[in-house]
Amino acid sequence: MARILILFAHPALEKSRVHRRLVERLPELPGLTFQDLYEVYPHFDIDVHREQALLEEHDVVVLQHPFFWYSTPAMLKQWQDLVLEHGWAYGRKGTALVGKKLFNLLTTGGLETGYRREGHNRYTVRELLVPIEQTVRLCGMQYLPPYIIFGSHWMSEPDIDTVAERYREFLVALHADRIDFQRAAALETLNAALEEIEASR
Amino acid sequence: MSGQDFLYQAFVYLAAAVITVPLAKRFGLGSVLGYLLAGIAIGPYGLRLLGSEGQDVMHFAEFGVVMMLFVVGLELQPALLWRLRAPILGLGGFQVVLTTLVVAGVAIALTLPWKTALAIGLTLSMSSTAIVLQTLAEKQQLKSEGGQSAFAVLLFKDIAVIPILAIFPLLASVHRTGDSAGGHESTTWLHGMPAWAQTLAVLVAVAVVVGGSRFLLRPVFRAIAQTRLREVFTAAALLLVIGIALLMGLVGLSPALGTFLAGVVLADSEYRHELESDIDPFKGLLLGLFFIAVGATIDFNLILAKPLLVAILVAGIVIAKFAVLFALGRVFSLSRDQGLLFAFALPQVGEFAFVLFSYGLQEGVFEAGVTGPLVAAVALSMALTPLLLVFNERVVQPRVGPSAAGEERKADAIEEETAVLIAGFGSFGSTVGRLLRANGVATTVLDLDPDRVELLRRLGLKVYYGDASRHDLLVAAGAERARLLVLALDSPEKTLALVHTVKKHFPHLTIMARAFDWEDAHDLVEAGVTRVYPQSLDTSLRVGVDALGELGFRAYHSHRSARQFQRHDEESLRQLTAERRVSRARYLTAARKRIEDLERLLEADRVDRGSDRDLGWDAETLRDEVRGTGA
């Protein structure tokens with residue numbers, strides 16, 4: 001059983017359609033912790049000790065957020081700056097996170113076709129997430145490809161239901177150790193990992 | 001009546017009520033039945049503590065009904081009344097007409113002359129506003145659909161009494177010209193006037209009541225409130241009700257209807273809750289007195305003389321009315337359980353019947369032989385109502401399977417109360433209210449400064465005048481259904497008193513209290529308030545932050561430091577309160593220790609960057625590691 005920590009960052013959840021549904025539909029699993037950063041730290045005064053303790057208690061870290069300017073909302077940057085301390089997360093003595101897994105769960109307004117070499121964003125989401133990937137590697141963690149929900153601008157309510165249900169299934173599979181991390185690391189997205197599991201069944 | 005005599009009577013009435021009402025409540029029978037039993041117990045056929053003055057007492061106590069309708073009106077905004085127009089005219093109208101026809105038909109079949117039969121029919125179509133509203137309110141069924149329908153019918157009857165009184169003289173078969181000066185409200189100085197003048201007088205009186213309530217009363221109440229003498233306000237409230245009753249009596253309208261109108265007009269005003277809670281005890285006592293009087297006037301001699309006749313009359317009346325009501329409930333598509341509640345609530349004959357019978361006697365509509373048994377039957381049917389409702393609640397409803405959820409939802413729709421109450425709307429409370437309002441959250445505000453209330457209402461806020469530490473006023477403002485109570489009163493004593501009241505009567509409310517100083521904050525925490533806000537903390541911290549800025553500190557640093565200070569302060573409040581309870585001496589040392597703690601922590605934040613704060617922004621260890629001097 002994988003213990004999963006979801007670090008959720010959305011500055012206006014009340015206006016979000018997709019994230020609100022994802023959050024509502026989160027599975028209730030032992031060892032799954034949901035940390036709503038904007039709700040807990042409205043002034044960005046992150047409690048470093050508390051956040052480090054949470055990281056220590058979990059195996060897989062999910063950064064759940066909308067894709068703002070090819071990156072995370074400001075809170076998650078603040079979180080990285082403050083929580084991933086030298087001597088704890090990295091550096092000669094910083095080994096607290098070694099061996100843990102991390103991936104981004106993110107939503108984009110635009111469609112997948114925009115995130116290609118020939119698309120107007122010119123890079124794939126995975127490429128754009130390189131700063132996080134490198135941060136994670138420096139901390140000795142394994143970086144997994146992002147789980148991406150593309151095209152939120154175009155989604156109808158039933159569409160949102162569908163993606164929320166898929167994500168829920170993914171978390172359940174992750175929790176039950178049904179994801180092969182070695183294989184998944186090579187994929188472009190983690191969504192594909194879920195499809196592989198289903199295909200192999 | 002001598003003073004001694006009056007005291008004796010008051011003693012008897014009060015003692016009877018104090019003994020029987022709690023007993024009746026204990027057996028789940030409701031207060032109305034308790035009062036009726038008290039009346040029977042002390043009446044001429046019980047302990048004979050009272051003579052035959054029951055009838056007089058009843059006339060006096062009828063004023064309780066007038067007050068009740070005033071209070072009912074206060075709770076009924078014009079918009080709600082307008083929404084009820086269909087049930088009032090439809091249900092109420094059909095009920096009166098159908099019941100009258102059925103009863104008159106039976107009476108004609110019993111070979112009574114048609115005029116007398118019609119008069120009996122009209123009289124028996126009345127229901128008891130006093131008993132039904134009191135009982136339903138006690139059971140909290142007044143806001144259910146069935147309760148609302150019952151209320152609509154009762155309202156229609158209160159209005160219908162006026163034309164009925166007007167046509168009674170036309171139904172006189174035993175011709176007797178009444179020079180009846182000593183009667184009740186129906187005999188007026190308008191009697192001799194032409195019809196158009198009477199109509200005009202009635203219209204003028206209604207206009208006076210509505211217009212006066214709308215435009216005159218608010219400044220008057222405001223001036224009175226400014227005296228800050230509660231009893232004067234109470235006196236003014238009573239004066240208003242009595243004044244309207246007198247005016248209505250003068251032009252031959254029902255006083256209950258007049259005060260009801262005034263109540264509706266005042267339902268929008270800031271004095272609504274205060275008026276309600278001022279009139280309420282009088283209303284309650286007078287209604288109790290009225291019910292006792294009804295109990296005392298039940299003529300057991302007559303009942304014992306003709307038990308069968310009276311029993312048949314009571315059963316006939318109740319069954320006929322029940323049938324009409326139940327059928328109407330179906331036609332007006334009430335749900336099954338609500339239809340039953342409606343039908344079980346109204347099958348009695350009301351107090352107006354006594355008025356109509358005596359008026360009819362006087363006008364020569366009835367003969368004494370006819371009214372005697374009927375009056376007894378009416379009183380018995382009233383006594384039966386609370387029992388019928390208990391029967392409905394315990395035996396019938398469990399079988400029907402009440403659609404409880406649906407009922408709840410409908411009750412919500414009528415609900416005018418808000419989730420947040422704010423007590424005290426000075427600069428502190430008003431800021432809270434404004435922020436909530438800016439986010440679309442409606443609040444109910446209670447404040448004791450009439451000028452401020454007036455001003456805020458003009459700005460369109462829902463503000464009421466009144467002392468929020470009074471339990472009755474809190475109830476009137478909807479504390480039973482609210483979620484949050486913001487305490488922003490201007491004195492620690494009042495705040496604490498209110499906290500105790502709320503903890504006792506409304507434990508579900510989350511209290512958010514403004515504290516004046518540390519001492520006061522401790523008291524609040526000790527009283528069980530979890531959300532305590534020292535009033536000057538945020539402001540003084542802001543001054544501190546700005547002062548740091550003036551001295552050249554970076555703004556982000558001083559802001560974070562202030563928030564840390566605040567968190568630490570809140571933590572200390574709780575710890576120190578716990579320690580204070582143990583011993584006063586220890587509190588002093590503990591307080592000193594906390595202050596030292598705080599100093600140390602803040603010092604660390606500023607100087608000792610290596611400790612544990614915000615390392616990520618400036619890690620000396622990283623610098624050391626890179627330079628190879630590593631720790």
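Laboratory data are not the source of any read-out in this text; all were calculated from the coordinates shown. No experiment lies behind these values; they were computed from the predicted model shown. As a convention, Cβ positions derive from the backbone with ideal geometry for all residues, glycine included, and neighbour counts pool all protein chains shown.
Would you list the membrane-span-like helices of chain B, meaning whole DSSP H runs whose alpha-carbon atoms span at least 18 Å along their axis and whose mean Kyte-Doolittle value is at least 1.0? For chain B, where a helix must reach 18 Å along its axis and average at least 1.0, the hits are B:93-109, B:145-167, B:195-211, B:230-251, B:307-331, B:368-391.
Report the Cα centroid-to-centroid distance between the range A:150-201 and the range B:272-325 in angstrom, as an integer. Cα centroid of the range A:150-201 versus Cα centroid of the range B:272-325: 71 Å apart. Computed from label points 7 Å out along Cα-Cβ, the spacing between B:Arg574 and B:Arg623 is 3.7 nm. When the label point is put 7 Å from the Cα of A:Asp59 along its Cα-to-beta-carbon vector, which residues of the range A:180-195 have a backbone N closer than 17 Å? Hits in the range A:180-195 for A:Asp59 at 17 Å: A:180-185. Ranking B:Ala24, B:Leu485, B:Gly372 by how far each Cα lies toward the positive end of the dipole of chain B (charges on Cβ) leaves B:Gly372 at the top. Shielding by partners for peptide B:619-628, expressed as the average number of C-beta atoms from other protein chains within 10 Å of each residue's C-beta, is 3. With K and R counted +1 and D and E -1, the other residues having a Cβ less than 10 Å from that of B:Ser125 yield a net charge of +2. If R0 is taken as 56 Å, the Cβ-Cβ distance between B:Leu47 and B:Thr111 corresponds to a FRET efficiency of 0.85.
Using every pair of separate Cα atoms, the Kirkwood estimate puts the hydrodynamic radius of the protein assembly as shown at 33.1 angstrom. For a paramagnetic label modelled on B:Leu435 (point 7 Å from Cα along Cα→Cβ), amide N atoms under 19 Å away belong, within the range B:526-557, to B:530-546. Evaluated with a Cβ-only charge set (Lys, Arg +1; Asp, Glu -1), the protein assembly as shown carries a dipole of roughly 840 debye about its Cα centre, given to the nearest 20. Candidates B:Phe70, B:Leu266, B:Leu461 compared by Cα position along the dipole of the protein assembly as shown: farthest toward the positive end lies B:Phe70, with charges placed on Cβ.
Taken about its Cα centre, chain B carries a charge dipole of roughly 1020 debye when the Cβ of each Lys and Arg holds +1 and the Cβ of each Asp and Glu holds -1. Sparse packing (at most 14 other Cβ atoms within 10 Å of the Cβ) combined with a DSSP loop state is found for the following GluC sites (Glu not before Pro) in the range A:66-170: A:Glu118. Loop-located chymotrypsin sites (Phe, Trp or Tyr not before Pro) in the range A:107-201 (DSSP state other than H, G, I, E, B) with a sparse environment of at most 14 neighbouring Cβ atoms within 10 Å: A:Tyr123. Shielding by partners for peptide B:556-568, expressed as the average number of C-beta atoms from other protein chains within 10 Å of each residue's C-beta, is 1. For the range B:427-476, the normalised intensity computed at q = 0.17, 0.20, 0.25 Å⁻¹ comes to -0.51, -0.70, -1.01 (log10 of I(q)/I(0), Debye sum over alpha carbons, equal scatterers, no solvent). When each of A:His65, B:His522 is scored by the number of other beta-carbon atoms lying within 10 Å, the sequence from fewest to most is B:His522, A:His65. For the listed residue pairs A:Lys15/B:Lys503; B:Lys25/B:Lys494; B:Lys143/B:Lys504; B:Lys115/B:Lys143, the alpha carbons are over 31 angstrom apart in A:Lys15/B:Lys503; B:Lys25/B:Lys494; B:Lys115/B:Lys143.
Peptide A:39-45 is shielded by partner chain Cβ atoms: per residue, an average of 2 of them sit within 10 Å of its Cβ. Taking label positions 7 Å along the Cα-Cβ direction at both A:Asp81 and A:Leu13, the computed distance is 2.3 nm, reported to one decimal. Annotation: extensible slack from B:Arg531 through B:Leu239 equals 100.9 nm (criterion: 0.36 nm per residue apart, minus Cα-Cα distance).
The residue among A:Ser156, A:Pro131, A:Gly109 whose Cα reaches farthest toward the positive pole of the charge dipole of chain A, with charges on the beta-carbon of Lys, Arg, Asp and Glu, is A:Pro131.
The simple spin-label model puts a point 7 Å past each Cα toward its Cβ; for B:Trp518 and B:Thr227 those points are separated by 4.5 nm. Take the Cβ atoms of A:Phe68 and B:Val208, set R0 to 60 Å, and the FRET efficiency comes out at 0.35.
Overall shape of the range B:208-296 was characterised from the C-alpha gyration tensor. The equivalent ellipsoid obtained from it has semi-axes of 23, 18, 10 Å, in decreasing order.
A straight chain from B:Leu285 to B:His508 at 0.36 nm per residue would run longer than the Cα-Cα distance by 77.3 nm. For the range B:286-354, applying the loop criterion from DSSP together with a ceiling of 11 other beta carbons within 10 Å to the trypsin sites (Lys or Arg not before Pro) yields no site. Taking only alpha carbon atoms, chain B gives an Rg to Rh ratio of 1.13, where Rh is the Kirkwood radius.
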